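Visitor: Sharing a structure below in structure tokens format, with a few things to ask.
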Amino acid sequence: MNHPHRCWAEIDVSGFQANLAQLKERVPSGVRFAAVIKADAYGHGLEPVAVALRDQVDLFAVANTAEAQAIRRAGVEAPIMILGPAIPEELPVIVRERFIPTISTAEEGRRLAEMVTGAPLDVHFVFDTGMGRIGLWHGEAAVEFRRLAQLAQVRVTALSSHLPVADEDREYTADQLDRFRREAEQLSGTLPGTILNSAGVMRFGQSALTRDIVRIGLALYGICPLPEFQSLFRPVLTLKTRVILVRTLQTGRAVSYGRTFTTSRETKVATLGAGYGDGYSRHLSNVGAEVLIQGRRCPVLGRVTMDQTMVDVSGLPEVNVGDEVVLIGRQGNEAILASELAQKAGTIAWEIFTGITKRAVRVYR
């Protein structure tokens, strides 16, 4: 039965449990899991995903207090980590709601401590081991950690860092993990560490300590950053649209803006009811991108426009207005992964997912 929307994303929430099971097999028993659901849960829908996962993970990880508050309003009571530094206006919210901030300096801790009443506020202390985004390096981090430990109103409950190339450079990542363990041991031999991401879990999960917290993002949604493990995971999201027009164009006809594609033969063209205004990237123009119609791959023709995309359906016996089209996901025996589109568009699967706009209606099943 056709869906009434022009473009929609179907979210199979049962896929989260299957993907989590694969990740849990890679780490020792006792390791805690933080589900990274920032950026609207990678485009899958923040509140519904948080509700679906609340009994399956130990913590949630988001980018800011607005995301954390949305999770709380959805009735989720699990601890929530804020992954980046807070702006001044977020500090009272963090303290009032007891979110867990990630801080790099004692000064950040001091600003929070001034607002804390009652029990100390749990914080994660981050130090830089190679990402260069937040946290301090080596000796600087040790000095800040000692100063932070003197603040009675805050309590460091984990040591954090970030892996920049876990999906690209195994040797560098192994060295980085060794450095993280050594430095964490110098700071505190008892605090949990939180550094492994999806790729880190798949490659180095057995190195995790039983007290650690792993932060899992992309693999949770069914796309593994390491292609050799993709078969173990189940994509949660399928992005769909519908055929809105079918025509036959003669040889020599230009298609779409810029006249970047011209037919070299008589071509049956289907116009689809989705474009970059829905999150089907314009960078998929003229790069060999395909969609699925009737379980068959159909090439995208010319430039993707804001509201419509044209595809070649000459290889199909019959195509009708209203037919369902898969832009990302499986149809029949064929599948187009977000990682495939990312490769063609010159980007990463994270951006493909987070680029799906609100106009694409989310449907949960």
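The values are calculated or read from the model by the stated rules, or taken from the named source; none is laboratory data. Remember, it's a predicted structure, so these values are computed and weren't measured experimentally. We place every Cβ from the backbone using ideal geometry, glycine too, and count neighbours over all the protein chains shown. Side chains included, ligands, DNA and RNA excluded: accessible areas come from the protein's heavy atoms. Shrake-Rupley method; radii C 1.70, N 1.55, O 1.52, S 1.80 Å.
Visitor: Please indicate, with yes or no, whether at least one residue in segment 181-193 is open to solvent by less than 50 Å² (accessible area, probe 1.4 Å) and among the β-branched types (Val, Ile, Thr).
Guide: No: segment 181-193 contains no residue that is open to solvent by less than 50 Å² (accessible area, probe 1.4 Å) and among the β-branched types (Val, Ile, Thr).
Visitor: Then there is this: Could you list, ordered by first residue, the pairs with Cβ atoms under 6 Å in which the first is in segment 120-132 and farther than 16 Å from Pro101 by Cα and the second is open to solvent by 20 Å² or more (accessible area, probe 1.4 Å) and of a type in the set (Lys, Arg), at least 6 apart or interchain?
Guide: Thr129/Arg179
Visitor: If you take the residues of segment 286-328 that are among the hydroxyl-bearing types (Ser, Thr, Tyr) and surrounded by fewer than 23 Cβ atoms within 10 Å (Cβ to Cβ), which of them is farthest from Ser264 (Cα to Cα)? Write out each step before concluding.
Guide: Narrowing segment 286-328 to residues among the hydroxyl-bearing types (Ser, Thr, Tyr): 305, 309, 314.
Remaining after also requiring surrounded by fewer than 23 Cβ atoms within 10 Å (Cβ to Cβ): 305, 314.
Working: Thr305: 22, Ser314: 13 Å.
Among residues in segment 286-328 that are among the hydroxyl-bearing types (Ser, Thr, Tyr) and surrounded by fewer than 23 Cβ atoms within 10 Å (Cβ to Cβ), the one farthest from Ser264 (Cα to Cα) is Thr305.
Visitor: Shifting gears a bit: Could you grab me the full set of residues in segment 169-217 that are in a helix (DSSP H, G or I), acidic (Asp, Glu) and either free of Cβ contacts under 8 Å to residues at least 24 places away in the same chain or within 30 Å of Pro235 (Cβ to Cβ) (or both)?
Guide: Hits for segment 169-217 are Glu171, Asp175, Asp178, Glu185.
Visitor: For residues that are out of contact with any Leu (no Cβ under 7 Å at 6 or more places or on another chain), among the hydrophobic types (A, V, I, L, M, F, W, C) and in contact (Cβ under 8 Å) with a residue 60 or more places away in the chain, scanning just segment 1-19, find the one that is surrounded by the most Cβ atoms within 10 Å (Cβ to Cβ).
Guide: By that ranking, first place goes to Cys7.
Visitor: I would also like to ask the following. Please pick out the residue among Arg247, Arg242, Arg215 that is exposed (fewer than 14 other Cβ atoms within 10 Å of the Cβ) and charged (D, E, K, R).
Guide: Numbers: Arg242 fails: exposed (fewer than 14 other Cβ atoms within 10 Å of the Cβ); Arg215 fails: exposed (fewer than 14 other Cβ atoms within 10 Å of the Cβ).
Matching residue, one of Arg247, Arg242, Arg215: Arg247.
Visitor: If you scan segment 290-308, which residues turn out to be in contact with a Phe, Trp or Tyr (Cβ under 6 Å, 6 or more places away or on another chain) and β-branched (Val, Ile, Thr)?
Guide: Within segment 290-308, Val304 is the sole residue that qualifies.
Visitor: Here is a follow-up. Can you tell me how many residues within segment 329-365 are open to solvent by 60 Å² or more (accessible area, probe 1.4 Å) and hydrophobic (A, V, I, L, M, F, W, C)?
Guide: Result for segment 329-365: 2.
Visitor: Any residue at all in segment 56-66 that is touching a Gly at 6+ places or on another chain (Cβ under 6 Å) and not small (Gly, Ala, Ser)?
Guide: Among the residues of segment 56-66, not one is touching a Gly at 6+ places or on another chain (Cβ under 6 Å) and not small (Gly, Ala, Ser), which makes the answer no.
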